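Engineer: Would you mind keeping the following structure in view while I ask a few things?
The values are calculated or read from the model by the stated rules, or taken from the named source; none is laboratory data. Model, not experiment: these values are computed from the prediction. Cβ atoms come from the backbone with ideal geometry, glycine included; neighbour counts cover every protein chain shown.
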Amino acid sequence: SILHIILVHTEYTVYHTIMDYFCMIQYTEDQGRSLGLSGWVKNTRQGTVIGQIQGHPDRVNDMKLWLKNVGSPSSRIDRTVFSNERDISKLEIHGFSTRY
């Protein structure tokens, strides 16, 4: 039988106290890439960081923990909210990038 790899999709919003506005999205993009995830990250006018992540459940979970607890050295994360979590059969996003 063909091994079916489950992939997951989640969307996130990070509420944080910003010291360096662009530092957080750069670190998020680097972290997503280092975990081999697909997705994107974007700063909003409200000062939050939003995005989507897709990939292997364990790697997505690692990224979620990073978004909740670590972030960039120059920001203090207040809270991170995840939404629209679902299983996907194939990646809908390719690579990890910053959107503007």
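Engineer: Could you check how many residues of the range 43-64 are more than 15 Å from VAL8 (Cα to Cα) and either part of a helix (DSSP H, G or I) or modelled with pLDDT of 95 or more (or both)?
Structural biologist: Going through the range 43-64 one residue at a time, the tally reaches 1.
Engineer: Please verify whether ILE93 is within 21 Å of ILE6 (Cβ to Cβ), part of a loop (DSSP other than H, G, I, E, B) and touching a strand residue (DSSP E or B) at 6+ places or on another chain (Cβ under 7 Å), treating the condition exactly as stated.
Structural biologist: yes
Engineer: Here's a follow-up. Taking into account only those residues within the range 44-70 that are touching a residue at least 40 places away in the same chain (Cβ under 8 Å) and out of contact with any Ser or Thr (no Cβ under 8 Å at 6 or more places or on another chain), which is farthest from LEU91 (Cα to Cα)?
Structural biologist: Going through the qualifying residues, I end up with PRO57.
Engineer: In the range 71-97, which residues are surrounded by 12 or more Cβ atoms within 10 Å (Cβ to Cβ), more than 18 Å from SER38 (Cα to Cα) and either touching a helix residue (DSSP H, G or I) at 6+ places or on another chain (Cβ under 8 Å) or free of Cβ contacts under 8 Å to residues at least 60 places away in the same chain (or both)?
Structural biologist: SER72, SER74, SER75, ILE77, THR80 - these are the residues of the range 71-97 that are surrounded by 12 or more Cβ atoms within 10 Å (Cβ to Cβ), more than 18 Å from SER38 (Cα to Cα) and either touching a helix residue (DSSP H, G or I) at 6+ places or on another chain (Cβ under 8 Å) or free of Cβ contacts under 8 Å to residues at least 60 places away in the same chain (or both).
Engineer: May I ask you to list the residues in the range 1-42 that are in contact with a Pro (Cβ under 7 Å, 6 or more places away or on another chain) and either at pLDDT below 90 or part of a loop (DSSP other than H, G, I, E, B) (or both)?
Structural biologist: If the condition is that a residue be in contact with a Pro (Cβ under 7 Å, 6 or more places away or on another chain) and either at pLDDT below 90 or part of a loop (DSSP other than H, G, I, E, B) (or both), then ILE6 is the only one that fits.
Engineer: Looking at the range 54-100, which of its residues are polar (S, T, N, Q) and at positive phi?
Structural biologist: ASN84
Engineer: Related question: If a residue has to be more than 17 Å from ASP30 (Cβ to Cβ) and either at pLDDT 95 or above or not hydroxyl-bearing (Ser, Thr, Tyr) (or both) to count, how many in the range 69-100 make the cut?
Structural biologist: 16
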